[in-house]
Amino acid sequence: MPEQVSESSAVRQQPAALDSSAWGVVVIALLAGVLAASQVGKVIVALPTVRDDLGMSLTAAGVLLSSYTFVGALLGSAAGGFVDRWGRRRMLTLALTVLAAGALLGAVSPSTPVLLFSRILEGLGFMGVAVSAPALIASAAAAEHRRLALGMWGIYMPLGQFVAIVAGPWVIGAIGWRGLWGVNAAALVVCAVLVLAVVPKTSSGESSSGADPESKPSRVWRNSTAMLIALAFGTYSLQYLAVIGFLPTMYAAGGRSDGSAAVLTALVVLGNIVGNIGAGVLLHRGVRPGSLIAVAATSMGAASVVIYAGWAPFGLSYAAAVAFALLGGLLPAAVFAAVPGAARSPREIGPVNGLVVQVSNAGSIIGPPLVAAVATHTGGWSLSPLVLSSVAAVCLIAGFAVRARGSR
């Protein structure tokens, strides 16, 4: 794409100087993303305990896993359009505050409906973080560091989940799952204070005025390249949360303790972090984002067959889960690296990020309840790959299309 060629030329012409980027702002924005992602991980690790405490069905558990994404699925692209108009610093601070309020409400929830509502409130905050933090990173990083900085952003989801899954069992054992929700609320408030302290108003888009017509959400939906990368990320999110979200439940049902099930799942998520970092290296060396998307789609579709295969011994099934997360981890970094090239102007980066978040959240909503419903009605997990492999095929097609457009 022309934008990509221009950006690459600029990078070659300018020597990299690490002090030309506001790395403190990048780190704080990444921390906000990690904490937001921890709100996904806390449910993954606490799900068996929450189900026992509230008498929750498996299908309701699937809704609990994905309910935080409802708001993002409805308003993601619109929220992306407001990032530059309202201010990235201001939106990120408010988003973290709303996330904290949702976590606090969840900590005192007396029933499943209230807990589900708290997750929707968390989803509102998560959406704000997901659209404002990468835009803030893009503005804080100098041109020669922008791909590196946005590649770092790609690890926010698996890293946040990993932290929650590793620390979650210890916190639950000490103060219960409600205590885990309370700890998360406190951490989110602290992060909001850090954003106000570290991010300067003058560099966060708070004083921006006027509106680029290319940045309107309605125009973003007509950006076919943006739609393709959003579709790829949406299919990835559907598969990832549907598989990772139920791993502790599957392992616990197989006779393993909640602690060992959490550790096994954490190691799988760690593989996803490694995959994201590896994708950053490959992108830096010139591998096209579309190629990484295609590899990730193929790997996830094939691995899901083995994960749920009744004939596979545990060691093989677990290796497939690691491969699913590791090679699937190539996709998020590839998508975020493709966003600046898909945007038709600098002010459209926020709306494109919003579109990616919106379609990603839609995938997260559909995935866990769909897989849970199939497992419930068939009496096991064996038919789950039919859903996941079909979605992986759609992702593969999107990856090839993104690669073809990148070639042009």
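The values are calculated or read from the model by the stated rules, or taken from the named source; none is laboratory data. For clarity, every value in this text was computed on a predicted model and none was experimentally measured. When we count neighbours, we look across all protein chains shown, and the Cβ atoms used for this are built from the backbone with ideal geometry, even at glycine.
Annotation note: Cβ proximity below 9 Å between a residue of region 32-52 that is within 18 Å of Met250 (Cα to Cα) and a residue that is among the acidic types (Asp, Glu) (sequence gap 6+ or interchain) occurs for Val45/Asp258; Pro48/Asp258; Thr49/Asp258.
A quick yes/no check of all residues on (1) crowded, with 24+ Cβ neighbours inside 10 Å; (2) part of a loop (DSSP other than H, G, I, E, B); (3) more than 16 Å from the chain's Cα centre (by Cα); (4) at positive phi:
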| position | (1), (2), (3), (4) |
| --- | --- |
| Pro248 | yes, no, yes, no |
| Ala252 | no, no, yes, no |
| Ala261 | no, no, yes, no |
| Thr265 | yes, no, yes, no |
| Ala279 | yes, no, no, no |
| Leu282 | no, no, yes, no |
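When Ile137 is tested against (1) within 14 Å of the chain's Cα centre (by Cα); (2) at pLDDT 75 or above, only condition (1) is not met.
Close Cβ contacts (under 7 Å, 6 or more residues apart or on different chains) running from residues in region 387-407 that are touching a residue at least 12 places away in the same chain (Cβ under 8 Å) and farther than 9 Å from Ala294 by Cα to residues that are of a type in the set (A, V, I, L, M, F, W, C) and not in a helix (DSSP H, G or I) comprise Arg405/Met1; Gly406/Met1.
Do we find a residue being among the hydrophobic types (A, V, I, L, M, F, W, C) and crowded, with 23+ Cβ neighbours inside 10 Å anywhere in region 308-320? No, the conditions are met nowhere in region 308-320.
Collect the residues in region 153-186 that are among the aliphatic types (A, V, I, L, M) and surrounded by fewer than 17 Cβ atoms within 10 Å (Cβ to Cβ), keeping them in residue-number order. Matches in region 153-186: Ala174, Ile175, Ala186. Cβ-Cβ contacts under 8 Å between residues 6 or more apart (or on different chains), taken from a first residue in region 345-358 that is surrounded by fewer than 24 Cβ atoms within 10 Å (Cβ to Cβ) to a second residue that is part of a helix (DSSP H, G or I) and aromatic (Phe, Trp, Tyr), are absent.
Tell me the residue from Val166, Val190 that is part of a helix (DSSP H, G or I), closer than 23 Å to Ser237 by Cα and either within 22 Å of the chain's Cα centre (by Cα) or charged (D, E, K, R) (or both), please.
Step by step, each of Val166, Val190 is checked, and only Val166 is part of a helix (DSSP H, G or I), closer than 23 Å to Ser237 by Cα and either within 22 Å of the chain's Cα centre (by Cα) or charged (D, E, K, R) (or both).
Looking for something assigned to a helix (DSSP H, G or I) and at pLDDT 80 or above - is there at least one such residue anywhere in region 197-213? Yes, there is a match, as at least one residue in region 197-213 is assigned to a helix (DSSP H, G or I) and at pLDDT 80 or above.
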